[in-house]
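K.L.:
One structure, pasted below without further comment.
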Amino acid sequence: MIQEQSSNGRPRRALITGITGQDGSFLAEFLLAKGYEVHGIVRRASTFNTERLDSIYADPHSKGVRLSLHYGDITDGAALRRTLGAAAPHEIYNLAAQSHVRVSFDQSEYTADAVATGTLRLLEAVRDYSAAGHSVRFYQAGSSEMFGAAAPPQNEHTPFYPRSPYAVSKVAAHWYCVNYREAYKLFICNGLLFNHESERRGETFVTRKITRALARIKLGLQEKLYLGNLNARRDWGYAGDYVEAMWMMLQQSEPDDFVIAMGESHSVREFLDAAGACLELDWKNHVHEDPRYFRPTEVDFLCGDATKARAKLGWAPKVTFPELVRRMVEHDLELARQEKTLTRAGHRVAQRGASQR
Ligand code: NAP
Ligand code: GDD
């Protein structure tokens with residue numbers, strides 16, 4: 001394990017907004033393994049929302065605990081400033097977002113508040129924190145959705161053409177970051193990350209929705225799967241590989257922006273083929289179209305060119321597309337097996353509402 005230390009010999013400190021999400025949980029694990037002290041902002045919820053952190057969470061009363069969680073919200077500037085003061089981070093990873101593209105059409109104002117203005121709030125706090133003499137580096141979670149309708153392959157020079165309130169908000173956040181880097185000489189990197197998935201992916205994103213449902217169909221727990229546009233193409237990688245790129249960006253001598261992608265694009269239909277093949281299941285017998293999952297404006301074709309990240313950061317993904325699909329399917333098949341065992345034993349297993357999927 002590499003021990004990352006600040007100049008006084010103490011571990012470096014990182015603050016992650018969105019630590020309870022897919023990427024936040026992978027990044028927290030990654031930084032803890034490197035010896036960092038990790039601080040995360042967690043939203044208050046009426047149910048537990050820290051499930052993805054279960055494997056790294058430790059009772060704060062125990063000795064030597066390097067993970068601290070702070071209540072806060074990206075829409076609450078006072079709480080952000082207080083958390084900055086308490087955590088005193090050397091690195092900040094801004095991952096908090098209403099990250100669902102389809103939902104952003106229903107909750108456009110909130111999405112803008114969290115994704116665009118939320119980033120601005122945090123940057124304002126960082127500007128004052130830096131002016132008070134703290135040296136800090138900032139990672140902004142940008143997205144391939146920002147390229148939207150721009151033709152593939154997309155790289156750092158491709159003009160943005162956002163197609164949803166989510167994507168427009170990410171473009172605004174991107175330019176706030178560029179402006180604060182130039183105006184206040186802050187060390188800020190924008191990651192332009194293409195889709196990345198995992199066993200921890202939220203269940204309303206198409207990959208996880210597919211692997212969850214096909215595994216349940218395979219075991220007779222479900223009959224049908226309702227989906228939207230099967231022709232959309234995405235460049236899908238593994239989340240564990242992508243959080244490493246976030247960290248690598250902040251270790252450079254100069255701040256810069258990077259596309260992170262596999263450079264390989266697949267349609268939703270091809271993802272279904274790959275997942276169905278893992279399960280020896282013909283998905284066509286089970287998948288039905290539901291217009292509610294179509295988007296008013298769609299992003300048809302994303303395929304990233306990560307040449308710059310490979311050359312300058314030395315970043316290279318380890319998990320291939322077939323391996324990604326296999327991992328997700330195996331994980332969800334195990335979940336389905338557990339569900340079946342419980343059901344057979346007479347237990348009631350709660351199902352989430354169909355409208356949320
Ligand atoms: P995710 O699983 O949806 O996680 C989002 C995180 O943001 C969660 O921790 C969520 O908290 C938190 N959050 C939401 N609203 C918040 C608010 N108002 N205040 C504070 N925290 C809030 O997303 P992800 O896949 O890990 O993505 C991480 C970041 O990368 C996001 O900014 C996303 O837009 C961006 N991104 C993702 C991808 C991808 O393919 N995964 C690609 C490009 C960019 P709760 O757990 O309480 O909901
Ligand atoms: N969610 C969902 N549900 N998507 C569906 C469905 C469905 O039932 N049926 C088809 N799709 C299509 C969508 O129309 C889209 O073209 C594609 O599957 C991928 O959708 P999502 O998995 O929801 O991801 P996304 O590409 O819209 O957004 C994700 O990746 C972005 C990076 O490009 C999110 O993680 C964003 O936060 C991220 O920025």
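The numbers here are math on the coordinates, done by the rules we state, and not lab data. Keep in mind it's a predicted model, so treat the numbers as computed, not measured. Neighbour counts are summed over all protein chains in view; Cβ atoms, including those assigned to glycine, are modelled from backbone coordinates with ideal geometry.
K.L.:
Compute the long axis of helix 206-218 from its Cα atoms, compare it with the longest principal axis of the Cα atoms of the chain, and write down the angle in degrees, 0 to 90, nearest 10.
P.N.:
The two axes meet at around 40 degrees.
K.L.:
On to the next question. Restricting attention to the alpha-carbon atoms of segment 1-96, what are Rg (one decimal) and Dmax (integer), both in Å?
P.N.:
Final numbers for Rg and Dmax: 12.8, 41 Å.
K.L.:
Taking Cα atoms, how many degrees apart are the long axis of helix 118-131 and the longest axis of the chain, rounded to 10 and kept between 0 and 90?
P.N.:
20 degrees
K.L.:
Report, ordered by chain and residue number, the lysines lying within cross-link reach of Lys170, taken as a straight Cα distance under 22 Å and ignoring same-chain residues fewer than 8 apart.
P.N.:
In chain and number order, the partners are Lys185, Lys308.
K.L.:
Let me ask you something else. If you line up the long axis of helix 165-184 against the longest principal axis of the chain, both from Cα atoms, how many degrees apart are they, to the nearest 10?
P.N.:
With rounding to tens, the tilt is 20 degrees.
K.L.:
Sort the following peptides by mean Cβ neighbour count (other Cβ atoms within 10 Å, averaged over residues), highest first: 188-200, 59-71.
P.N.:
188-200, 59-71
K.L.:
Near Ala167, within a Cβ-to-Cβ distance under 11 Å, what is the net charge of the other residues, with Lys and Arg +1 and Asp and Glu -1? Intermediate results must be reported in sequence, preceding the final value.
P.N.:
Details: positive: Arg163, Lys170, Arg295; negative: Glu145.
Net charge around Ala167: +2.
K.L.:
Is segment 107-159 rounded, prolate or oblate when judged by the Cα gyration tensor, a ≥ b ≥ c being the square roots of its eigenvalues, rounded requiring a/c under 1.5 and prolate requiring a/b larger than b/c? Could you put the intermediate results ahead of the total?
P.N.:
Details: a/c = 4.42, a/b = 1.63, b/c = 2.70.
Cα axes put segment 107-159 in the oblate bin.
K.L.:
A further question follows. For the chain, what proportion of DSSP beta bridges, expressed in % and rounded to the nearest 5, is antiparallel? Walk me through the intermediate numbers first.
P.N.:
On the way: 3 of 38 bridges.
Around 10 percent antiparallel, to the nearest 5.
K.L.:
Any chance you could list the semi-axes, whole Å, largest first, of the equivalent ellipsoid that the Cα gyration tensor gives for the chain, using √(5λ)?
P.N.:
Taking √(5λ) for each eigenvalue gives 34, 24, 19 Å, largest first.
K.L.:
If I take every Cα pair under 8 Å that is 6 or more residues apart in the chain, average their sequence separation and divide by the length, what percent do I get for the relative contact order?
P.N.:
16 percent
K.L.:
Using amide H atoms built 1.01 Å from N in the peptide plane, name the residues 5+ places from Leu225, or on other chains, whose amide H lies under 5 Å from its own.
P.N.:
Amide H neighbours of Leu225: Val287, His288.
K.L.:
Find out how many positive minus negative residues lie around Gly72, taking Lys and Arg as positive, Asp and Glu as negative, among other residues whose Cβ is under 13 Å from that of Gly72.
P.N.:
Charge balance near Gly72 sits at +3.
K.L.:
Return the FRET efficiency for the residue pair Arg310, Thr341: r is the Cβ-Cβ distance, R0 is 41 Å, and the value is rounded to the nearest 0.05.
P.N.:
0.40
K.L.:
For the residues Val319, Val243, what sequence is obtained by ranking on other C-beta atoms within 10 Å, fewest first?
P.N.:
In increasing order of surrounding Cβ atoms, one gets Val319, Val243.
K.L.:
Taking every pair of distinct Cα atoms and averaging 1/r, then inverting, what Kirkwood hydrodynamic radius in Å comes out for segment 47-102? Numbers along the way, then the final one.
P.N.:
Values: mean 1/r = 0.0733 Å⁻¹.
The answer is 13.6 Å.
K.L.:
In debye, nearest 20, what is the charge dipole magnitude of the chain about its Cα centre with +1 on Lys and Arg Cβ and -1 on Asp and Glu Cβ, if you could check? Write down the numbers at each step before the final one.
P.N.:
Numbers: 45 positive and 43 negative charges, 145 e Å.
For the chain, the charge dipole is close to 700 debye.
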